[in-house]
Amino acid sequence: MRLVMPARLALYGDRALGRLVKWTFRLLRRTDPDRASDLCGGIARRLGPLLPTHRIGRANLRAAFPDKDAAWIEQTLREAWENLGRVAGEYVHMARIWDFEIDRPNTGRILTDSVPLFEMLQHDGKPALCFAAHLGNWELPAIAAAAHGLPSAVVYRMPNNKAVAKEIARLRGPLMGRLIRTRAQAALEMAAALEAGLHLGMLVDQHFSRGVDVTFFGRRCKANPAIARLARRFDCPVVGVRVIRLPGHRFQIHAEGPYTLPKAPDGQVDVPAATQMITTIIEGWIKEHPGQWLWFHRRWR
């Protein structure tokens with residue numbers, strides 16, 4: 001009986017969470033994108049600091065910016081909570097948020113200086129590897145690729161709650177390219193996507209227990225080496241893409257590259273060195289906009 005009750009409680013909790021997310025999405029659909037972003041951002045900014053996860057964010061920021069005072073750290077964390085809330089509020093409106101015409105850049109909600117790089121990737125006849133981080137609204141690059149005819153695949157982590165996962169997959173499906181879940185066979189699926197000529201995108205800024213050792217903000221941690229390993233196997237461009245949240249419910253999408261990755265003595269991509277290079281690039285992005293990164297993940301363990 002003692003073993004059955006916790007399992008039942010967990011099941012009921014999962015069901016309740018799934019229903020809550022579904023109802024929340026339905027309510028947010030009745031608002032416009034800007035109002036949904038403002039509402040969820042404001043709620044997260046106020047309630048986030050009350051959650052236990054806030055302590056993880058505080059410890060991370062203290063480690064990353066040891067010269068900053070407590071007031072700066074708390075302000076940055078509130079900004080990070082607000083950004084996370086805005087991403088949640090914008091989720092159901094992704095199709096409406098994508099306000100961009102490639103032949104008329106910088107006239108709508110989306111600003112970019114990276115159209116030439118995008119067009120190069122689109123017409124060079126090669127697959128590509130695209131790394132990103134949890135900055136701004138990190139879902140937008142995948143929408144950009146699909147919206148403008150770039151054959152693409154996206155690696156994503158499926159939420160543990162099945163009802164939530166189903167709802168998110170339903171929202172993502174029509175807007176993004178091929179979706180690859182992080183699971184045992186994901187490496188094979190990623191390789192198959194590149195062999196098919198797709199442009200593979202993935203977020204690589206969180207802890208990866210099976211990863212390689214890198215230095216991030218002066219501390220050792222594990223990073224996902226998938227981009228470097230695939231670059232070693234496939235002769236294709238590697239680019240970095242980030243999203244910066246701007247005032248007035250606008251976004252700057254900036255792509256960099258193609259990068260020249262470090263090589264090992266055998267002439268192939270040096271996986272640890274290339275993973276460190278990517279990690280250092282992401283660290284630079286975060287330093288520019290620390291209030292827009294997801295600090296609430298245990299990056300150092």
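Looking at the stretch 46-150, what helices (runs of 4 or more DSSP H) fall wholly within it and have at least 3 residues that are farther than 19 Å from LEU246 by Cβ?
Per the criteria, 53-64, 70-90, 115-123, 140-147.
Filtering the stretch 213-247 down to residues that are surrounded by fewer than 21 Cβ atoms within 10 Å (Cβ to Cβ) and assigned to a loop (DSSP other than H, G, I, E, B), which residue is modelled with the lowest pLDDT?
Only one residue tops the list, namely ASP235.
Residue by residue through the stretch 82-131, note down the ones that are closer than 17 Å to CYS40 by Cβ and of a type in the set (Phe, Trp, Tyr).
The one that is closer than 17 Å to CYS40 by Cβ and of a type in the set (Phe, Trp, Tyr): TYR91.
Could you please find all residues in the stretch 263-301 being polar (S, T, N, Q) and in a helix (DSSP H, G or I)?
THR275, GLN276, THR279, THR280, GLN292
This table checks each residue for (1) among the charged types (D, E, K, R); (2) touching a Leu at 6+ places or on another chain (Cβ under 9 Å); (3) within 15 Å of PHE131 (Cβ to Cβ).
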residue: GLU167; (1), (2), (3): yes, no, no
residue: GLY173; (1), (2), (3): no, yes, no
residue: MET176; (1), (2), (3): no, no, no
residue: MET190; (1), (2), (3): no, yes, yes
residue: GLN206; (1), (2), (3): no, yes, yes
residue: ARG210; (1), (2), (3): yes, no, no
residue: ASP213; (1), (2), (3): yes, no, no
residue: ARG220; (1), (2), (3): yes, no, no
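Residues in the stretch 67-111 that are surrounded by fewer than 19 Cβ atoms within 10 Å (Cβ to Cβ) and over 18 Å from the mean Cα position of the chain (by Cα): how many?
The number of residues fulfilling the criteria is 21.
Specify the residue that is surrounded by the fewest Cβ atoms within 10 Å (Cβ to Cβ); the eligible residues are those in the stretch 248-262 that are small (Gly, Ala, Ser) and assigned to a loop (DSSP other than H, G, I, E, B). Working first, answer last.
We begin by selecting, within the stretch 248-262, every residue small (Gly, Ala, Ser); these are 248, 255, 257.
With assigned to a loop (DSSP other than H, G, I, E, B) added as a condition, the list becomes 248, 257.
Working: GLY248: 6, GLY257: 19.
Among residues in the stretch 248-262 that are small (Gly, Ala, Ser) and assigned to a loop (DSSP other than H, G, I, E, B), the one surrounded by the fewest Cβ atoms within 10 Å (Cβ to Cβ) is GLY248.
Just wondering, is there one or more residues in the stretch 185-200 that are closer than 30 Å to ILE102 by Cβ, touching a helix residue (DSSP H, G or I) at 6+ places or on another chain (Cβ under 8 Å), at pLDDT 95 or above and not in a helix (DSSP H, G or I)? First the steps, then the outcome.
Filtering the stretch 185-200 down to residues closer than 30 Å to ILE102 by Cβ leaves 189-200.
Imposing the further condition that a residue be touching a helix residue (DSSP H, G or I) at 6+ places or on another chain (Cβ under 8 Å) reduces the set to 190-191, 194, 199-200.
Restricting the remaining residues to those that are at pLDDT 95 or above gives 190-191, 194, 199-200.
Remaining after also requiring not in a helix (DSSP H, G or I): 199-200.
Checked the stretch 185-200: at least one residue is closer than 30 Å to ILE102 by Cβ, touching a helix residue (DSSP H, G or I) at 6+ places or on another chain (Cβ under 8 Å), at pLDDT 95 or above and not in a helix (DSSP H, G or I).
Residue check: is ALA274 surrounded by 21 or more Cβ atoms within 10 Å (Cβ to Cβ), among the hydrophobic types (A, V, I, L, M, F, W, C) and over 19 Å from ALA142 (Cα atoms)? Write out each step before concluding.
Details: surrounded by 21 or more Cβ atoms within 10 Å (Cβ to Cβ): yes; among the hydrophobic types (A, V, I, L, M, F, W, C): yes; over 19 Å from ALA142 (Cα atoms): yes.
Spelling it out, ALA274 is indeed surrounded by 21 or more Cβ atoms within 10 Å (Cβ to Cβ), among the hydrophobic types (A, V, I, L, M, F, W, C) and over 19 Å from ALA142 (Cα atoms).
Looking at the stretch 181-200, I want the residues that are without any contact (Cβ under 8 Å) to a residue 40 or more places away in the chain and have a partner that is aromatic (Phe, Trp, Tyr) and surrounded by 14 or more Cβ atoms within 10 Å (Cβ to Cβ) with Cβ atoms under 8 Å, at least 6 apart or on another chain. Which pairs are those?
ARG181/TYR156; THR182/TYR156
Identify all residues within the stretch 264-301 that are touching an Asp or Glu at 6+ places or on another chain (Cβ under 6 Å) and not β-branched (Val, Ile, Thr); write none if there are none.
Result: ALA264, GLY291.
The values are calculated or read from the model by the stated rules, or taken from the named source; none is laboratory data. If you're wondering where the values come from, they're calculated on a predicted model, not measured in any experiment. Cβ: placed from backbone, ideal geometry, glycine included. Neighbour counts: every protein chain shown.
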